[in-house]
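The values are calculated or read from the model by the stated rules, or taken from the named source; none is laboratory data. This structure is a prediction, so every number in the text was calculated from the model and none was measured. Here the Cβ positions follow ideal geometry from the backbone for every residue, glycine too, while neighbour counts run over all protein chains shown.
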Amino acid sequence: MEMEIHDFKQLAQEALADHRKARGYNLRLFLKKKLAVVSALILVGIMLSAIFAPWVAPYPKQGQGAINLEERLQPFSNKHLLGTDIYGRDMLSRVIFGARVSVFGGFFIVIMAALIGVPLGLWAGYCEGASGAIIMRSVELVLSFPSALVAMGISIVVGAGSMTALIALVIPWWPWYTRLVQGEVLSLKNMLYIEAAQMLGYGRIYILFRHLLPNILTPVIVLMLLDVGPAIIAIGVLSFLGLGTQPPHADWGLMVWNGAQNLLGEWWIAIVPGFAMFLLVTAFNIFGDALKEILDPN
Amino acid sequence: MSKALIDLEDIETWFPYKKTLTGKVTAWVKAVDGVTLKIFTGECLGLVGESGCGKSTLGRTILKLAPLKSGNLRFNGEEIQHLDDRGFQKFRPKMQMVFQDPRASLNPKMTVLQILSEALAICPEVDKKQYAKRATELMNMVDLRPEHLFRYPHEFSGGQQQRICIARALATQPEFLVFDEATSALDVSVQAQIINLMADLQKRLGLTYLFISHDLSIMEHICHRVAVMYAGRIMEIQDAHALFASPRHPYTKALRNAVPIADPTQKDGMAILKGEVPSLRSPPGGCRFHPRCPHATGHCRKEAPEVSPVKPGNWVRCHHHKDLWKRGTLGG
Amino acid sequence: MDMPSKTQQTPILGVEDLTVSFEGSRGVIKILEGIDFTLYSGEVLALVGETGCGKSVTAKSLLDLIPQFSRHRSGRVAFGGKDLLNLSSRELGRVRGRSIAMIFQNPQSSINPVFTLGEQMYRLIRMYLQNEIDVLCKQKKMNKKAAVHEIAQEKLAEVGLTEANRLLKSYAHEISGGMAQRYKIALALLSSPKILIADEATSALDVTVQAHVLKLLKEMSQKKGTAILFITHDLGIAAQICERVAVMYSGRIVEIGKTIDIFEEPLHPYTQGLLAAVPRLGNSDPLRFVSGMIPDLANPPQGCRFHPRCDHRMAVCSNQRPHYNAKDRDRSVACHLYTSKAAG
């Protein structure tokens, strides 16, 4: 049963086609869940508007802070679809520009937390020992403080500002990733394919990145997606307290704070950005759950 | 008689079980507790025993995947028990292992080609450009189609996955292979295919095997000699046919009689061995088997029996084996 | 081994045309297709086959232990004058554990880890053996608790567990596999069930322990007249303790008959192939095996599911599904090689 192979490229392509068909099946499964599709569309819509804010927003200058006192406190109208705030700025534009901070901020926190937390978790799970113990005790230490207070404390000490708030939020955030990854690694490290790699003589770093990391990626990605929502809310809270984005920049949290005083009268000033936050967070949650079902049926 | 490829002398592999706060070990699991045996070039040595007897640990000890506490380990005459990772690396290509669960032995995120290449990468003489060609040869050797190189493990059946594991073990052109319950998770007909493949490869490539299993029935189909392990020690080692036709150790006889024979006309009744498999944390003193042995005497309780040779390469550890043999209580 | 003549044996379970299929992601998966067999009182019937043949599903279907989601079921399971497949879950709950008991492969995992073995056993004794408890209380002037404990000791002794006091105070993880399985057998037999289903009950045990448990099951069956449906992939077990064997392949029973007949003269090509592949102690001939692989249940072959691997296949095999060649379900084979002959 000898077979000569002259064309690996063709074989590779055939296999690739089969794998794409399998992934295509996953895509079809995803599309069947209408809610997931809707949430995905919402996310794409919000992110695109955020990126192209200067072109998408009807009143870009107002979105960035320009005041327009003649038209202040106006409800929904044809000229201003979502009304205006106390400075007469178009709410729709403010929300679109505010999305920039929220979306970028949310991703930043989650990605940085993963970049720090995942390698630490890999090490702590696989190597254990003294270094592993130090890592896990640090995790427990950071997690024992309420995350909001930690972030607030750092912001107050360093000085309020949007970048500071983001970095301050990463500090209480990374331990969750370390814990997740350490748990996954502990269960995976007794797998026989790890032992097979050890039998071939491969070292720890190789095994961590070549064998363990690809196999824990799915739960990490799912956690990241489900975390973007809470991260955005956390940014909002800090801004609400004056520790994040500084006026006149648009920020959903800040906008809710500014509009809270007028809640009984011109309610839209607080509710519109609040609803935007709600929409974005819910969309991420639904998308994350749907993705988890697809990636993890095995 | 060919020379010994693997030479084990008084091997002890103990795992720490209880430690004081300062780190001093107070209790050990004595998985391998004094094993001396030779595996000759070109033979297939079977290692049979029940769960918890230490046979898997012994296989791993030879490949230095389990911590050797004391004893001498020689490969082709060279001592390797003291070597560190760097010193041992040149031996790794020569000794490989096929594990029990084929699904768990293959990284689900790697293609077959990547898995085989990972093994090929530890051979300095194989050039990277040769990997694909060499991988194809390996696939042919285990009767798999080369198209499957680009597939992922979950796309194969259990039998095929085990063939991939065998191909990986052969990638480095080893001299010695350990099969740790390699067919236990497979169906009967698939097991038959794999056993035939293994026997064929041994002949073709001149390999030496250590075949570990709890299934006695399969031993004679592939092994030349079989060793019976109990509570961390080898009780008996004989030529395969002789071991089962005329065992010299009471445990071997009990083991053999306990196997349900696939022949409804042979119902001698499965002999019942009393007691439970001993814990490796506190194995019985004297002869390990004495609490369950129907022929045990006070001597057995006090003193562990030495090795009594029966034939070159065949021996038994039992104080009374000569008597039992003469009385015919064991044979047949 | 003596077997009572057919007229003395009463059928207690009649499975007719049991078909189970699932709607999976890749289409409909027909796990079982037309399973047909009878279980007689007091006998031990083996259901043998390899992975994916559906033997475990068959057993679990009898007691509706298969998850119900997207499952389709048809056929009839006659037991005690009723059709088990048509019972409400309440009525079926009364059958389970009481008239039909089941033991599984991993005994320790099927014991509740939170309670001691004693607590679980006492509860069942109070449920099924009220009469005995009352009798003991009156005769020996015991209180209920002591009576229950004494019954527990007695039942454990029957299965060879002598250190009852210590055992009843232990938890699942503290005992060995052999002890756990014997304990489960004791529990299963408390209600004196008519049928005991053993699903790979000894596969996770060491061979010396397995010998104990098999002997115990055989004795229990003979003493109490319990019929045992023994599901296994090990033909040795079938040969040693079972009086009849049903061979399954890919969701169908391909051959059924007395153990001695099946082993000495296997009719179905799959049975022949299976027996040739079994390793035998004392035999060093190369093992022979059937080429090919078990079919994909989502896309099984048309007609006889074994025909792509069969050396004797004929044209009709790829078109028509073979049925039992004899009305007598007790020695039949589902194969076109035999249906062309006169039906028995």
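Among the residues of the range B:238-268, write down those that are of a type in the set (Phe, Trp, Tyr) and within 7 Å of chain C (Cβ to nearest Cβ). Please lay out each step first, then the result.
Quick first cut of the range B:238-268, residues of a type in the set (Phe, Trp, Tyr) only: B:244, B:251.
Matches in the range B:238-268: B:Phe244 only.
Just the residues that are assigned to a loop (DSSP other than H, G, I, E, B) and of a type in the set (Lys, Arg), please, taken from the range C:183-237.
In the first step, residues of the range C:183-237 are kept if they are assigned to a loop (DSSP other than H, G, I, E, B); the result is C:190-194, C:200-206, C:225-226, C:233-234.
Result: C:Lys194, single match.
Here is a yes/no grid of residues against (1) touching a Cys at 6+ places or on another chain (Cβ under 9 Å); (2) part of a helix (DSSP H, G or I); (3) polar (S, T, N, Q):
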residue: C:Gly93; (1), (2), (3): no, yes, no
residue: C:Gln108; (1), (2), (3): no, yes, yes
residue: C:Asn131; (1), (2), (3): no, yes, yes
residue: C:Asp134; (1), (2), (3): no, yes, no
residue: C:Val148; (1), (2), (3): no, yes, no
residue: C:Leu156; (1), (2), (3): no, yes, no
residue: C:Thr162; (1), (2), (3): no, no, yes
residue: C:Leu167; (1), (2), (3): no, yes, no
Checked against (1) more than 13 Å from chain A (Cβ to nearest Cβ); (2) in contact with a Gly (Cβ under 9 Å, 6 or more places away or on another chain); (3) acidic (Asp, Glu), B:Asp180 satisfies every condition except (1)
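Test B:Thr61 against the criterion of being touching a Leu at 6+ places or on another chain (Cβ under 7 Å) and more than 21 Å from B:Pro305 (Cβ to Cβ), and give yes or no.
Working: touching a Leu at 6+ places or on another chain (Cβ under 7 Å): yes; more than 21 Å from B:Pro305 (Cβ to Cβ): yes.
Criteria met by B:Thr61.
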Which numbered condition C:Leu217 misses (of (1) in contact with a helix residue (DSSP H, G or I) (Cβ under 9 Å, 6 or more places away or on another chain); (2) away from chain B (no Cβ under 14 Å); (3) touching a residue at least 12 places away in the same chain (Cβ under 8 Å)) = (2)
Give just the number: which of (1) within 12 Å of another protein chain (Cβ to nearest Cβ); (2) touching a residue at least 12 places away in the same chain (Cβ under 8 Å) does C:Gly251 not satisfy?
-> (1)
Pair list, Cβ under 9 Å, 6 or more apart: the range B:6-28 residue without any contact (Cβ under 8 Å) to a residue 60 or more places away in the chain, other residue among the acidic types (Asp, Glu) | B:Glu12/B:Asp33; B:Thr13/B:Asp33; B:Trp14/B:Asp33
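What about B:Gln161, is it surrounded by fewer than 19 Cβ atoms within 10 Å (Cβ to Cβ) and either farther than 22 Å from B:Ala192 by Cα or in contact (Cβ under 8 Å) with a residue 12 or more places away in the chain (or both)? Write out each step before concluding.
Values: surrounded by fewer than 19 Cβ atoms within 10 Å (Cβ to Cβ): no; either farther than 22 Å from B:Ala192 by Cα or in contact (Cβ under 8 Å) with a residue 12 or more places away in the chain (or both): yes.
The answer is no for B:Gln161.
Among the listed residues A:Leu213, A:Leu217, A:Leu226, identify the single one that is part of a helix (DSSP H, G or I), away from chain B (no Cβ under 11 Å) and not charged (D, E, K, R). Quick ask: steps written out before the conclusion?
Working: A:Leu213 fails: away from chain B (no Cβ under 11 Å); A:Leu217 fails: away from chain B (no Cβ under 11 Å).
Just a single option satisfies the conditions, and that option is A:Leu226.
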Which members of the range C:194-210 meet the condition of being surrounded by fewer than 22 Cβ atoms within 10 Å (Cβ to Cβ) and either acidic (Asp, Glu) or at pLDDT 90 or above (or both)?
-> C:Lys194, C:Ile195, C:Asp199, C:Glu200
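I'm checking my understanding of the structure. Among residues of the range B:195-237 that are of a type in the set (Gly, Ala, Ser) and surrounded by fewer than 24 Cβ atoms within 10 Å (Cβ to Cβ), which one is nearest to the other protein chains (Cβ to nearest Cβ)? Before the answer, list the steps.
Taking the range B:195-237 as the starting set, the residues that turn out to be of a type in the set (Gly, Ala, Ser) are B:199, B:206, B:213, B:217, B:227, B:231-232.
Then keep just the ones that are surrounded by fewer than 24 Cβ atoms within 10 Å (Cβ to Cβ); that gives B:199, B:206, B:213, B:217, B:231.
Values: B:Ala199: 7, B:Gly206: 19, B:Ser213: 10, B:Ser217: 4, B:Ala231: 13 Å.
Taking the candidates together, the pick is B:Ser217.
Residues are listed down the side, and each one gets a yes or a no for (1) surrounded by fewer than 16 Cβ atoms within 10 Å (Cβ to Cβ); (2) in contact (Cβ under 8 Å) with a residue 60 or more places away in the chain; (3) part of a helix (DSSP H, G or I); (4) more than 9 Å from chain B (Cβ to nearest Cβ):
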{"residue": "C:Ile256", "(1), (2), (3), (4)": "no, yes, no, yes"}
{"residue": "C:Gln272", "(1), (2), (3), (4)": "no, no, yes, yes"}
{"residue": "C:Leu275", "(1), (2), (3), (4)": "no, no, yes, no"}
{"residue": "C:Leu287", "(1), (2), (3), (4)": "no, no, no, no"}
{"residue": "C:Ser291", "(1), (2), (3), (4)": "yes, no, no, no"}
{"residue": "C:Ala298", "(1), (2), (3), (4)": "yes, yes, no, yes"}
{"residue": "C:Gln320", "(1), (2), (3), (4)": "yes, no, no, yes"}
{"residue": "C:Tyr324", "(1), (2), (3), (4)": "no, yes, no, yes"}
{"residue": "C:Tyr338", "(1), (2), (3), (4)": "no, yes, yes, yes"}
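Sort through A:Lys32, A:Lys9, A:Lys21 and tell me the only one that's at pLDDT below 75, charged (D, E, K, R), within 30 Å of C:Gly27 (Cα to Cα) and over 28 Å from the mean Cα position of the chain (by Cα). Walk me through it before giving the result.
Numbers: A:Lys32 fails: over 28 Å from the mean Cα position of the chain (by Cα); A:Lys9 fails: within 30 Å of C:Gly27 (Cα to Cα).
Exactly one residue qualifies, and that residue is A:Lys21.
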What number of residues in the range A:171-196 are out of contact with any Leu (no Cβ under 9 Å at 6 or more places or on another chain), surrounded by fewer than 21 Cβ atoms within 10 Å (Cβ to Cβ) and touching a residue at least 12 places away in the same chain (Cβ under 8 Å)?
-> 3
Please specify each residue of the range C:226-237 satisfying the condition of being over 26 Å from C:Pro300 (Cα atoms) and facing chain B (nearest Cβ under 8 Å).
-> C:Gly236, C:Ile237
Scan of the range B:176-194 for residues that are surrounded by fewer than 20 Cβ atoms within 10 Å (Cβ to Cβ) and touching a strand residue (DSSP E or B) at 6+ places or on another chain (Cβ under 8 Å), ordered by number | B:Glu181, B:Ser184
Would you be able to say whether some residue in the range C:147-165 is under 29 Å from C:Ile241 (Cβ atoms), touching a Ser or Thr at 6+ places or on another chain (Cβ under 8 Å) and surrounded by fewer than 16 Cβ atoms within 10 Å (Cβ to Cβ)?
-> no
Can you confirm whether the range B:185-194 contains a residue that is of a type in the set (S, T, N, Q), in contact (Cβ under 8 Å) with a residue 12 or more places away in the chain and at the interface with chain C (Cβ under 9 Å from one of its Cβ atoms)?
-> yes
The range B:288-321: number of residues that are more than 14 Å from chain C (Cβ to nearest Cβ), over 24 Å from B:Asp7 (Cα atoms) and out of contact with any strand residue (DSSP E or B) (no Cβ under 8 Å at 6 or more places or on another chain) | 12
Checking C:Gln240 against (1) in contact with an Asp or Glu (Cβ under 7 Å, 6 or more places away or on another chain); (2) at the interface with chain B (Cβ under 8 Å from one of its Cβ atoms), which test does it fail?
-> (1)
